[in-house]
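Right, one structure below, let's go through it.
The values are calculated or read from the model by the stated rules, or taken from the named source; none is laboratory data. Everything numeric in this text was worked out from a predicted model, so none of it was measured. Cβ sites come from the backbone with ideal geometry, for glycine too, and all protein chains shown count toward neighbours. Ligands, DNA and RNA are stripped out before the accessible areas are found, and what is left, the full protein with its side chains, is counted by its heavy atoms. Shrake-Rupley method; radii C 1.70, N 1.55, O 1.52, S 1.80 Å.
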Amino acid sequence: MAEDTSSPMDRFCGSTFWNATETWYTNDPDFTPCFEQTALVWTPCAFYWAFVIFDFYYLKASLDRNIPWNKLNVSKALVNLGLLVITALDLIMALVKKGGDSELPLYDLDVWGPIIKFATFLLVFIFIPLNRKYGVQTTGCQFIFWFLLTVLSIPRCRTEVRLDAERQKILNSQQPSEQDFSWEEYQFVSFFIFFTFTSIMLILNCFADGMPRQTKYQRGENEIPELSASFLSRITYQWFDKMALKGYRNPLEEKDLWDLRPQDSCSEVMPIFAHHWNQNVRKNYKNKARVEPKAQFSNGNVTFENPHGEKNGRKKGMASIMPPIYKSFGGVFLFGALMKLFTDTLTFAQPQVLSLIISFVEAQEAEPEWKGILYAVLLFVLAAAQTFILGQYFHRMFIVGLRIRTALINAIYRKALRISNSTKKESTVGEIVNLMAVDAQRFMELTTYLNMIWSAPLQIGLALYFLWQQLGPSVLAGLAVMIILIPVNGVIASRIKTYQIRQMKYKDERVKLMNEVLSGIKVLKLYAWEPSFEKQVLDIRDKEIATLRSTAYLNAGTSFLWSCAPFLVSLVTFATYVLIDENNVLDATKTFVSLSLFNILRFPLTMLPMLITNLVQTQVSVNRINKFLNSEELDPNSVLHDSSKPHPMSIENGEFSWGDEITLRNINIEVKKSSLVALVGTVGSGKSSVVQAFLGEMEKLAGVVNTVGKLAYVPQQAWIQNATVRDNILFGQTYDRKRYNKVIDACALRADIDILSAGDLTEIGEKGINLSGGQKQRISLARAVYSDADLYLLDDPLSAVDAHVGKHIFEEVIGPKGMLARKSRVLVTHGVTFLPQVDSIYVMKMGEISESGTFDQLVKNKGAFADFIIQHLQEGNEEEEELNQIKRQISSTGDVPELLGTVEKAIKLARTESLSDSISVTSADSLMGRGGSLRRRTKRQDSHDSVASAASLKKKQEVEGKLIETEKSQTGGVEFAVYKHYIKSVGIFLSVATLVLNFVFQAFQIGSNLWLTQWANDQNVANDTGLRDMYLGVYGAFGFGQGFTSFFSDLAPALGSLHAAKVLHSMLLENVLRAPMTMFDTTPVGRILSRFSKDVESVDQKMPQVINDCIWCAFEVLATIVVISLSTPIFLAVIVPIAFLYYFAQRFYVATSRQLMRLESVSRSPIYSHFSETVTGASTIRAYNVGDRFIEESDAKVDKNQVCKYPSVIANRWLAIRLEMVGNLIILFASLFAVLGGQTNPGLVGLSVSYALQVTQTLNWLVRMSSDIETNIVSVERIKEYGETKQEAPWELEQDKNKPKNWPQEGHVEFQNFQVRYREGLDLVLRGVSFNIKGGEKVGIVGRTGAGKSSLTLALFRIIEAAGGRISIDGVDIASMGLHMLRSRLTIIPQDPVLFSGSLRINLDPFEIKTDDEIWKALELSHLKSFVKSLAAGLNHEIAEGGENLSVGQRQLVCLARALLRKTKVLVLDEATAAVDLETDDLIQKTIRTEFKECTVLTIAHRLNTILDSDKVIVLDKGQITEFASPTELLDNPKSAFYSMAKDANLV
């Protein structure tokens, strides 16, 4: 052989490396043997060596260990060994047969070829046991390596077979040849063994290895198949098929879902994030003294450091969540970015191939056909590769998004458990929940697009580079247009942003207001105040809609710019190109390659501004989250735990504040071991604040607080979780039956539990909605007793329970002989009765301790305490025996005659009065199971509606213990009715207009492209400038038509859906406010609220976008099909099967995805409701020190939500891969038919292929959008469902107008055989009640629990409607008038005072019809004048949510003021006795006696002294009137029930 071979590669092989005539310019292409043995083998090897680092990473990151040997990995090892043997043999044979003394020369290839292969196979071989040991079940690099190796060996197969055939020919020919073919023969055999083995390895690598034996986390039955899916199954998402099929057959349920991947669970994500967050926080402090170890996940507890730091560490700035996010999740993100880079490059390869196809069609005759086919296939392969890589990229990004969301939700949750009270004041619970619901969610939506920050400029740069090659400098003109458009767009975007912030603000306001309206709905109904609040909500809503409308116009503007942009750019570029120089002629290649490049440009250019607005929004969210995470925390060191101090609880010289002015000053308290200390004082004197100071809830300004031992705390307002009664008492401790029963008996809960439908496993509604105040209070106490702590802080636990029960509890639990006798206790109390049995007493006055000591000492002092007692006794509401006890106590101290006198008087008083409900001590105090509510009514306790009786309840136990109806997630498709309803709300005109405009828009687009084809193919243009200008002009006209229609086709649906949003919201609001009370009893507020926030938001903002995109995509796809069919009619034949594929993928996907979305949204609300529950109960959680348990619960809820979220992300990928493959088939057929179909018009071919290239994305979007419409229309469905709930009777009726203004004039109330029940299917509560009350009479209503006292008032206000009989007022049947007419002419002072946030004035007079003087007069009469005068803002004093900034007593007085302002002829007084000190109560009684002299007053009595001076008493029993006469008459008759009640109480 000639030695002067040209290139080093030729020398290396000993034969030519590349021969163009043999490979390219021929009808029968083939590679040279040298090329086949070097380039085609070394490419896969190089790939593997380059990417093997990923395999190492997966080993390190694996959470599992130890896969058992099995058929698969053993056969992998054996085949791999075989390959090693073969390659070693190759090397040995080469050294034996060639070189040395044989005549065959030994080339470098013969030595290095086998060595390179051997090294690579060895590396692969090493990974087999390694992967086994570290539990890696499949690796992508190896699969790709074997795939490439197999595919690239195919050309050599063909070569070897041909050579063998030639050898056989020579051997078979007659002349004997002296040639020795043994080396070639050996190579032939060895290569085919090698090829067989590589093919087997490829097949083996299609499967995943067995399950690992050791796993870090338990793998359940339901583990996600992805964990053990092979690489092939992972990139095609074939492992998801099972679920798609299941979801298609019948709607998915929660049990069908797979477990979460351990890598995405809180327990893996949180420690990483916490570690980086803490590092970041520490960096922010100048004093870098503290160095802490990594955040460990010790028993599931992650600690976050407090960015507020110690008081001394000066802060450099806010700790931001961004750096920890980069550090924690950056790795996966970067890997994703790498994939994005690949796909971007692939995108630009496509126009290059397109230009090859066009030139192939132009030179049809000259080129061999195989090249055309090659180009078509190449286009397909590029598109397919892009599909798979993009699929993985999005998947990675979503995972990062999910993890970030998990991390943020948990960080926010952990912070919420620790924020100080001043921070809590700054934001409402709703706003804090929003951080979690909205802001953390935003991040998740952003991550997918974040890589566009660098990818978009890169794509723009590459596109411009390739365009320059096509059109030269004219590109700059086009670029200029783009650059000019960007700032214009930026301006619009920033306007949109301001509108968005404004809209968010309105939304927050509206939801907050709705929250209050729904919480206080009963009061609104009783006062007939709904219209006022409806108007307030609608006013905010109007502002919100106005903002949204402006946004819609701006959005249409942007859309106009962006649909014009690509067009303007191409117009300007082409125009410049042909006008610069006569010789520049547009031909098909230039036109269509440029067009497809412009199309590529369109995406990054559209994305950039969107991305920027998104980034800005996320920035807002980041700032909100940062502000919250950096806000002040409670100082954990404000309470010391120094066991060397003599007493377990003490405060020395304490000064405390709630964040503004000082609340408590010079407080000195000592609680000796196992002693009972009482705190007494008037309302607002700071008793509860002292308890909070012990808990470390207040800001300590000076002094020392010390507690030693485990705390238990009973708050004044019991905090009850939405769980069973038993869970509320156990509060996370183990269930010890004996102790539990003891506690229940001691806290007098036995009877209540017996009546509850499912005993102590009855579910309690949110905020304890189905319990009376007394029950809540006792459950809260039972929780404390069960916790078996050392120190007890009891904040007025006896206020809400009746006297007997109170006494029982004191004796059994709190007192010197109770269960807590050995513990140290602090008791805040209003009552005097128990004070003699207390070890020491502290008297609070105006935030200071005015005196302290034992009962005897204080009585002798004749100071504030003696006044307190005297004043207390004058109320006369203690019982005789108790008074006797106090009397004995006082007389034993001697020398206090005036006190003794008071006591004597009180005893006389007590003899004449009696208890309205004398029920034995163990009595229950209220209850509401499924059968409505059976509320126990006793002396000192607030209860609501007493309904039915225990017996009827027992019958109604069908649904054990469930009160709150569980939220249904709808299944199956959304009915067409919902769509119809929505389209009706949009309006027919706008709906039709949208379709027409979109059609015209596409027509213009196709028109302009066909015109370009015409122009490119017209040969005369080169010589005729006039013709050229005509082409240019028409092209421009087409474009402007496009821009114009695009603006309106965008605006129409936006305005339409806004109109719909407005209509839907008004309807929802109107119907919810008009729903009967029963609906609010069975539906939690949160659920109704989520209609107003989440669902309304998706109708406001998501629907317009989605509808718009969907219609646009549909028309785009149609356009593509039309264009391709124009150029290659045969394409229509392929459309049918492709459409089938598409349809199936879409049906499977929509069915599954929709259900997953629903499950996800149902599993999302518990996260937020648990969160808001935590925020409200934070102080209790901290007092019991169970924060960690709540954090775990929250984590579990987040994980459960991820369980539903993850499959829906995968469903998207699964669909995308399948749909894009359908799109890729369209590309393949469009280009194949163009090449083979003998189409001679290169312009048309270019057009059809460039349209086909776009179609994949569009198809994908189309399904995504159509399913988005389905998911978002669910919101319409839910709003519609609430908008169609049963309504109460109409508010206004025509005939009301002719009633006199001051009706009722006399206030004459008559019940005639009246019957009522709470809900359909329940027993009657009042069974034929008849009585007659003359105008101006005062009537007391008494009766044992469940007798129907409350039902009477509710019926009078028609909160519950009659089941028979009638009630008339002044001779008018109340059923015949509008509800508002009725309710606004009656006055009620309800039991629990409800206030709304807003000014004091709005709270008294929401319709603003009263003058200031009238209001001041009412305030004066209700003893609030001096208080209001002392406020800076006077009547405009802002009242906090729920009236939090007034004491309970003051709230009660505000309700009295409301009644005084109304002052109608009929007053109903539902006596409130909970948590109100006796002064307040006395004030109320006095005022009512004087101010309502002329009116008819109905009093539901708890204490007989309030009704002894009334004109009549009604005694109810089991829903019937047993007695109706004056009190004296009844007491004279020893047979009367009234008398026996008095007797029960030892009063007669």
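Tabulated results
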{"item": "Where only C-alpha atoms are counted, convex hull volume of the stretch 163-244 per residue in Å³", "result": "155 Å³"}
{"item": "Solvent-accessible area, 1.4 Å probe, carbon plus sulfur percent, for the stretch 1274-1425", "result": "48 percent"}
{"item": "Sequence-separation-based contact order of the stretch 1002-1049, relative, with Cα cut under 8 Å and 6+ spacing, percent", "result": "54 percent"}
{"item": "Sequence ranges 350-358, 222-230, ranked by mean other-Cβ count within 10 angstrom, highest first", "result": "350-358, 222-230"}
{"item": "Dipole magnitude of the chain about its Cα centre (Cβ charges: Lys, Arg +1; Asp, Glu -1), debye to nearest 20", "result": "2800 debye"}
{"item": "Protection proxy ranking of 1393-1403, 690-700, 320-330 - average other beta-carbon atoms within 10 Å, highest first", "result": "690-700, 1393-1403, 320-330"}
{"item": "Cα gyration tensor shape of the stretch 710-795, rounded if a/c is under 1.5, else prolate or oblate by comparing a/b with b/c", "result": "oblate"}
{"item": "Accessible area of the stretch 395-548 divided out per residue, in Å², using a probe of 1.4 angstrom", "result": "34 Å²"}
{"item": "Sequence-distant residues sharing a close amide H with residue 520 (under 5 Å, placed H)", "result": "none"}
{"item": "Farthest positive-ward along the chain dipole, Cα basis, beta-carbon charges - from 1539, 729, 328", "result": "1539"}
{"item": "Size descriptor, Kirkwood hydrodynamic radius, that averages inverse alpha-carbon separations across the stretch 766-855, Å", "result": "14.1 Å"}
{"item": "Surface share of carbon and sulfur [accessible, 1.4 angstrom probe, percent] for the stretch 464-602", "result": "64 percent"}
{"item": "Residues of type aspartates and glutamates that residue 133 reaches as a straight line, Cα spacing below 16 Å, ignoring anything fewer than 8 places off in the same chain", "result": "55, 64, 209"}
{"item": "Principal semi-axes in Å for the stretch 1042-1132 [√(5λ), Cα gyration tensor, largest first]", "result": "43, 15, 9"}
{"item": "Mean Cβ count within 10 Å, highest first, over the residues of peptides 1246-1255, 1180-1189", "result": "1246-1255, 1180-1189"}
{"item": "Mean separation of Cα contacts under 8 Å (6+ apart) over length of the chain, as relative contact order %", "result": "11 percent"}
{"item": "The stretch 1038-1097 - accessible surface per residue (Å², probe 1.4 Å)", "result": "28 Å²"}
{"item": "Environment charge at residue 626 (Cβ cut-off 12 Å; Lys +1, Arg +1, Asp -1, Glu -1)", "result": "+2"}
{"item": "Farthest toward positive dipole pole in the stretch 139-289 [+1 Lys/Arg, -1 Asp/Glu at C-beta], among 236, 217, 247", "result": "217"}
{"item": "Calculated [θ] (222 nm, deg cm²/dmol) that DSSP helices of n ≥ 4 give over the chain, each run adding -39,500 (n - 2.57)", "result": "-20000 deg cm²/dmol"}
{"item": "Amide H contacts under 5 Å for residue 1398, placed H, 5+ residues apart", "result": "1439"}
{"item": "Rounded accessible area per residue of the stretch 749-836, 1.4 Å, Å²", "result": "24 Å²"}
{"item": "Within the chain, percent of DSSP bridges classed antiparallel, to nearest 5", "result": "55 percent"}
{"item": "Whole-percent carbon and sulfur share, accessible surface of the stretch 765-865, 1.4 Å", "result": "47 percent"}
{"item": "Relative intensity, log₁₀ I(q)/I(0), of the stretch 1062-1205 from a Debye sum that treats every alpha carbon as a point, q = 0.11, 0.13, 0.19 Å⁻¹", "result": "-0.72, -0.88, -1.23"}
{"item": "Prolate/oblate/rounded call for the stretch 417-549, Cα gyration tensor, a/c under 1.5 rounded", "result": "prolate"}
{"item": "Percentage relative contact order, the stretch 628-728, counting C-alpha pairs under 8 Å, at least six apart", "result": "37 percent"}
